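The values are calculated or read from the model by the stated rules, or taken from the named source; none is laboratory data. Just so we're clear, the structure is a prediction, and the values are computed from it rather than from any experiment. Ideal geometry is used to build each Cβ from the backbone, glycine not excepted, and the neighbour counts take in all protein chains shown.
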């Protein structure tokens, strides 16, 4: 039933209040907020329609808009300090690198969270130790791990402590060597004039440059294309001797070595007491 002097039915007009406007759109009734403002150009009042308040049906009456309901709930809450933190790389590390995280938990049960956080800072930002607290404060990783913020001094202490646990480091690295994989080895010469690096010794690099240096020897997995072993060596240690010791320490029992004639002395490895259980073949190019 329509109300007098109105095109709308009484059941719809019953929900119309001051400051609201009733509209019929495609046969359905909606209630909008509105206000009157002064228009300088027209020099008179002008109606400005506001947001929708809800819909009206004869059966259910007034149905509040979901958006307006959420706004009321949000307006009743006090929003404190808002923080913007990195999340994407954190999720990538914890989901795609789960194998490495699991091995860290097993081998370094007391320090694996700090090691993962330090590795995150080096991997993402390549930052020095002094910048680690700042980088972790802007990351969601500590909250995910339940890790309390730690200082540069604590990070340095963790690295110094872990650096002296060579047996645990070997256990961790050996867990990534798979039987039947092709393993590649490479040595990198790093020159350094630092007085604090005891491994920096005078020696020749592969391109015959002489100077204080230390060597970084890696064993890579050809399948995963990831390093599975490393060892720091003084710059005055020859590659042939280091090669043999690294093969023994890494735990590789069966290997095929392809080398140039400079590695002829490596044949001594075939009769080395610690390697009799393994099988080693040497080819020269």
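Just a few scattered comments:
Here is a yes/no grid of residues against (1) at pLDDT 85 or above; (2) touching a helix residue (DSSP H, G or I) at 6+ places or on another chain (Cβ under 7 Å); (3) in the same structural domain as residue 97 (by TED's automatic domain parsing):
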| site | (1), (2), (3) |
| --- | --- |
| 186 | no, no, no |
| 189 | no, no, no |
| 196 | no, no, no |
| 203 | no, no, no |
| 208 | no, no, no |
| 213 | yes, no, no |
| 217 | yes, yes, no |
| 221 | no, no, no |
| 225 | no, no, no |
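- Taken over the stretch 18-43, residues that are in a loop (DSSP other than H, G, I, E, B) and under 19 Å from residue 67 (Cβ atoms) amount to 1.
- The listed residue being within 14 Å of residue 11 (Cβ to Cβ), free of Cβ contacts under 8 Å to residues at least 40 places away in the same chain and in contact with a strand residue (DSSP E or B) (Cβ under 6 Å, 6 or more places away or on another chain), out of 29, 34: 29
- Enumeration of residues in the stretch 63-89 that are at pLDDT 85 or above and closer than 15 Å to residue 143 by Cβ: 84, 85, 86, 87, 88, 89
- Residue satisfying condition, being touching a residue at least 24 places away in the same chain (Cβ under 8 Å), surrounded by 15 or more Cβ atoms within 10 Å (Cβ to Cβ) and under 19 Å from residue 122 (Cβ atoms), within set 173, 217, 226: 173
- Selection of the stretch 161-171 for residues being closer than 13 Å to residue 111 by Cα and modelled with pLDDT of 90 or more yields 161, 162, 165, 168, 169.
- Residue 282, sole failed condition from (1) in a helix (DSSP H, G or I); (2) modelled with pLDDT under 75; (3) surrounded by 14 or more Cβ atoms within 10 Å (Cβ to Cβ): (1)
- So residue 127, is it free of Cβ contacts under 8 Å to residues at least 60 places away in the same chain and more than 17 Å from residue 97 (Cα to Cα): yes
- Extreme residue, farthest from the chain's Cα centre (by Cα), among residues of the stretch 229-242 that are surrounded by fewer than 19 Cβ atoms within 10 Å (Cβ to Cβ) and touching a residue at least 40 places away in the same chain (Cβ under 8 Å): 242
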